[in-house]
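Here is the structure we will look at.
The values are calculated or read from the model by the stated rules, or taken from the named source; none is laboratory data. These numbers come from a predicted model, not from an experiment. Note that each Cβ is placed from the backbone with ideal geometry, even for glycine, and that neighbours are counted across all protein chains shown.
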């Protein structure tokens, strides 16, 4: 631009009174809009909190009564148990499925793809209900040579307690999602890393365990924690297969004490918030530990 | 010599450390290597030159079997890489055997490819301990020596990201040397570096050449090639169009394509 090249006098700044211009600080631009928006939000938030505290509809007294009742804690324990078991089994299954999908074996690749496609397509509640009615489809479950003699026989009706059905259903579902999370993490590690470790003569399994997996985890952890939080809340569906988890107990109590529906739902809300907060905390801690090499 | 090669014609003469014969490789319908023959003597330095896409890197990567040739073979130290010659045919080797062969050949990449989650020291001791069974204290001591050799002693606990590109590449060279290879491969080792960092990496490679390390180097640094190479090879379109002493290949190229390329990069 030609104008910017003109002398200072031409745009109204003469040299002498502004000689100390070079030492001046810049005065920041004011943003009145931000202050107005802040005020509006603060007023709305205050109103909401005030309403929470004073509206008798919430019955905070009853909330305090129910919050740590043994019946609620029993439900909470079931939720924790199902979540923990399904998270571990789902992750193990997910790693196996991811490795199968990335393998050179076309059969393993196809089986893994079909599994993931199927379980991501069918709603979890449908999976749970099918499993719950499994005893009608298969009377016994036996372990042995395919089409040959069997070594163990389970009577399906005895084997399938509600807890087992719920855990299997959630794990099957979880594994399909975990597989994609793990696969994405593995693919996020550059090809150069694998080539460098191959060039050094590291065996394939060693390459995966020491070089690829630790780097993949940095991408896997945030995505899997997301998945885990979904699982914690997803366990509320096991109520439909007669397992009394946190939500199940809240539902049962609500039908016995219809007047306490709202405080009971708030109790469930509070506990789910606490659980997901703990998981987020763990995520923060794990991610900090995985950040080796990223510090500058 | 169970891993011996079909042709044993050059009996009596000193067998070259690397022999490439009739090497062909295509990616899809694109022929990258179209019948390459090359010998590299033990203790010598060979530079591969040529325009991009001429097959230099692919040839280099066939030497440690990061690429599988479609036809022909590469022999390193009297053993065919990736295959076994038996009953007049080439049989693919199991992964374990290929892994063993690779321990004799070190490689340095354009993008360094250090392991970012491991410290400099861990990068250096990982493979000797895991693959060659070197006791940890010995590997650590050896790593210190190698880092001193590339001018980076004292940076053992640094992570790769904390180092400049030139320093990272020198660590990568030390990492390759830690396996005590008989042959080192360099794939454009200075192409990803800022101009003022090129010299420090070339200096390390020059020292290795003086020390008698056998090396194959893909590079665009013509001056450096003239200085260190015992043999210069010019590739174009997947074939070797010119090879011989660097002075002949670089200063008096007979091939038209080589002449055009060299006058453009010089």
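Kindly indicate the residue of region A:191-243 that is in a loop (DSSP other than H, G, I, E, B) and modelled with pLDDT under 90 and also farthest from residue B:172 (Cα to Cα) among those meeting that condition. Spell out how you get there, then give the answer.
Looking only at region A:191-243, we keep the residues that are in a loop (DSSP other than H, G, I, E, B), and these are A:200-203, A:242-243.
Subset that is modelled with pLDDT under 90: A:242-243.
Working: A:242: 60, A:243: 57 Å.
Checking each candidate, the answer is A:242.
Answer with yes or no whether residue A:239 is more than 24 Å from the chain's Cα centre (by Cα) and free of Cβ contacts under 8 Å to residues at least 60 places away in the same chain.
Working: more than 24 Å from the chain's Cα centre (by Cα): no; free of Cβ contacts under 8 Å to residues at least 60 places away in the same chain: yes.
No: the conditions fail for residue A:239.
Show me the strands (runs of 3 or more DSSP E) entirely contained within region B:24-114 in which 3 or more residues are more than 27 Å from residue A:215 (Cβ to Cβ). Give the steps one after another, and end with the answer.
Working: elements: B:30-40, B:45-49, B:71-76, B:83-86, B:89-92, B:105-108.
Counting at least 3 such residues, we get B:30-40, B:45-49, B:71-76, B:83-86, B:89-92.
Can you work out which of the residues in region B:90-118 that are in contact (Cβ under 8 Å) with a residue 40 or more places away in the chain and more than 8 Å from every other protein chain (Cβ to nearest Cβ) is farthest from residue B:163 (Cα to Cα)?
Among those that are in contact (Cβ under 8 Å) with a residue 40 or more places away in the chain and more than 8 Å from every other protein chain (Cβ to nearest Cβ), it is B:104.
Given the condition surrounded by fewer than 19 Cβ atoms within 10 Å (Cβ to Cβ) and within 30 Å of residue B:66 (Cα to Cα), answer yes or no: does some residue in region A:274-281 qualify?
No, every residue in region A:274-281 fails to be surrounded by fewer than 19 Cβ atoms within 10 Å (Cβ to Cβ) and within 30 Å of residue B:66 (Cα to Cα).
Please state which of the following conditions residue B:150 fails to meet, knowing it meets all the rest: (1) modelled with pLDDT under 95; (2) over 17 Å from residue B:199 (Cα atoms).
Checking residue B:150 against (1) modelled with pLDDT under 95; (2) over 17 Å from residue B:199 (Cα atoms), the one that fails is (2).
Checking the structure you have, find out if any residue of region B:146-153 is free of Cβ contacts under 8 Å to residues at least 12 places away in the same chain and surrounded by fewer than 15 Cβ atoms within 10 Å (Cβ to Cβ). If you could, list the steps in order and put the result at the bottom.
Of region B:146-153, the ones free of Cβ contacts under 8 Å to residues at least 12 places away in the same chain are B:148, B:153.
Pick out the ones that are also surrounded by fewer than 15 Cβ atoms within 10 Å (Cβ to Cβ) and you get B:148, B:153.
Yes: region B:146-153 contains one or more residues that are free of Cβ contacts under 8 Å to residues at least 12 places away in the same chain and surrounded by fewer than 15 Cβ atoms within 10 Å (Cβ to Cβ).
A quick yes/no check of all residues on (1) assigned to a helix (DSSP H, G or I); (2) touching a strand residue (DSSP E or B) at 6+ places or on another chain (Cβ under 8 Å):
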site: B:180; (1), (2): no, no
site: B:200; (1), (2): yes, no
site: B:203; (1), (2): yes, no
site: B:215; (1), (2): no, yes
site: B:225; (1), (2): yes, yes
site: B:233; (1), (2): no, yes
site: B:249; (1), (2): yes, yes
site: B:257; (1), (2): yes, yes
site: B:260; (1), (2): yes, no
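Among the numbered conditions (1) more than 8 Å from chain A (Cβ to nearest Cβ); (2) over 30 Å from residue B:14 (Cα atoms), tell me where residue B:162 comes up short.
Status for residue B:162: all satisfied but (1).
Provide a single number: the residues in region A:244-267 that are in a helix (DSSP H, G or I) and closer than 15 Å to residue A:82 by Cβ.
The first filter runs over region A:244-267 and keeps only residues in a helix (DSSP H, G or I), leaving A:246-256, A:258-267.
Those left that are additionally closer than 15 Å to residue A:82 by Cβ: A:246-249.
Of the residues in that region, 4 qualify.
Of everything in region B:119-138, what is within 13 Å of chain A (Cβ to nearest Cβ), under 21 Å from residue B:100 (Cα atoms) and touching a helix residue (DSSP H, G or I) at 6+ places or on another chain (Cβ under 8 Å)? Give them in sequence order.
B:123, B:124, B:125, B:126, B:127, B:128, B:129, B:130, B:131, B:134
Only one of (1) out of contact with any strand residue (DSSP E or B) (no Cβ under 8 Å at 6 or more places or on another chain); (2) closer than 18 Å to residue B:108 by Cα; (3) modelled with pLDDT of 95 or more is not met by residue B:140, so which one is it?
(2)
Quick check: anything in region A:209-224 within 27 Å of residue A:126 (Cα to Cα), in contact (Cβ under 8 Å) with a residue 12 or more places away in the chain and away from every other protein chain (no Cβ under 14 Å)? Outline the logic, then answer.
The first filter runs over region A:209-224 and keeps only residues within 27 Å of residue A:126 (Cα to Cα), leaving A:223-224.
Next cut, in contact (Cβ under 8 Å) with a residue 12 or more places away in the chain only: A:223-224.
After this cut, where a residue has to be away from every other protein chain (no Cβ under 14 Å) as well, the list is A:223-224.
Yes: region A:209-224 contains one or more residues that are within 27 Å of residue A:126 (Cα to Cα), in contact (Cβ under 8 Å) with a residue 12 or more places away in the chain and away from every other protein chain (no Cβ under 14 Å).
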